[in-house]
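Participant: I'd like to ask some things about the structure below.
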Amino acid sequence: QVQLVESGGGLVQAGGSLRISCTASGRLFSTYALGWFCQAPGKECEFVAAISWDTSTRYADSVKSRFTISRDNAKNTAYLQMNSLKPEDTAVYYCADNRDGPALVSGVSDYWGQGTQVTVSS
């Protein structure tokens, strides 16, 4: 059974940092691209960042230079390091995977985690 489990969310002040994690199980982690998406209240789920099996990365313009996605295949875990956080980053963050990196960036995935709440206070 494939599972993606996010963790590490919380409350942080504007300008602060937070690292969230996504641990996968149920299939060969190293062959999949991993992506982070976020959904703020009243808004659609948006692409944040993705990392392919060969560690190439892609970011939404709104988070470039502030967020860094990485992966540790030995731990079946992907991370999203979030720096210089802004109140508008407040959202539930979800991870998802896909062998097709471009499809993942478009939000195509058979499996999604349950999400982790990130709240940035002003």
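The values are calculated or read from the model by the stated rules, or taken from the named source; none is laboratory data. Computed from a predicted structure; not experimentally measured. Note: ideal-geometry Cβ built from the backbone for every residue, glycine included; neighbour counts use all protein chains shown. Side chains included, ligands, DNA and RNA excluded: accessible areas come from the protein's heavy atoms. Shrake-Rupley method; radii C 1.70, N 1.55, O 1.52, S 1.80 Å.
Participant: With +1 assigned to the C-beta of every Lys and Arg and -1 to the C-beta of every Asp and Glu, and no other charges, what is the dipole magnitude of the chain about the Cα centre in debye, to the nearest 20?
Facilitator: Charge dipole of the chain: 240 debye, to the nearest 20.
Participant: Below 21 Å, Cα to Cα, which lysines can K43 reach? Residues fewer than 8 away in the same chain don't count.
Facilitator: K64, K86
Participant: Tell me the net charge near S21. Cut-off is 15 Å between Cβ atoms, S21 excluded, with +1 for each Lys or Arg and -1 for each Asp or Glu. Provide the component values of the computation, followed by the final result.
Facilitator: Working: positive: R19, R71, K75; negative: E6, D72, D97.
Once positives and negatives cancel, what remains is 0.
Participant: Heavy atoms only, 1.4 Å probe, whole protein assembly: order V92, V48 by accessible area, highest first.
Facilitator: On the way: V92 35, V48 5 Å².
Solvent-accessible surface, decreasing: V92, V48.
Participant: For segment 60-113, just list the percent of Cα-Cα distances falling in each 5 Å bin from zero outward, please.
Facilitator: With a bin width of 5 Å, the distribution comes to 4, 15, 23, 27, 21, 10, 1.
Participant: Taking segment 11-53, which trypsin sites (Lys or Arg not before Pro) meet the DSSP loop condition and have no more than 15 other C-beta atoms within 10 Å? Numbers along the way, then the final one.
Facilitator: Details: sites: R19, R27, K43; in loops: R27, K43.
Within segment 11-53, the qualifying trypsin sites (Lys or Arg not before Pro) (loop, at most 15 other Cβ atoms within 10 Å) are R27, K43.
Participant: Considering the alpha-carbon set of the chain alone, what are its Rg and its Dmax in angstrom?
Facilitator: Every Cα atom of the chain included, Rg and Dmax give 13.2, 40 Å.
Participant: Over segment 1-101, give the accessible area per residue in Å² for a 1.4 Å probe, as an integer. All intermediate terms of the calculation are to be shown ahead of the outcome.
Facilitator: On the way: 5160 Å² over 101 residues.
On a per-residue basis, 51 Å².
Participant: If you roll a 1.4 angstrom probe over the protein chains with everything in place, what fraction of the accessible area of the chain belongs to carbon and sulfur, to the nearest %?
Facilitator: Details: 2980 of 6330 Å².
Here carbon and sulfur together make up 47 percent of the probe-accessible area.
Participant: Over the chain, with a Gaussian network built from C-alpha contacts below 10 Å, which listed residue (C45, C22, C95) shows the highest mean-square fluctuation?
Facilitator: Top of the fluctuation ranking is C45.
Participant: Volume per residue, Å³, of the convex hull around the alpha-carbon atoms of segment 83-122?
Facilitator: 82 Å³
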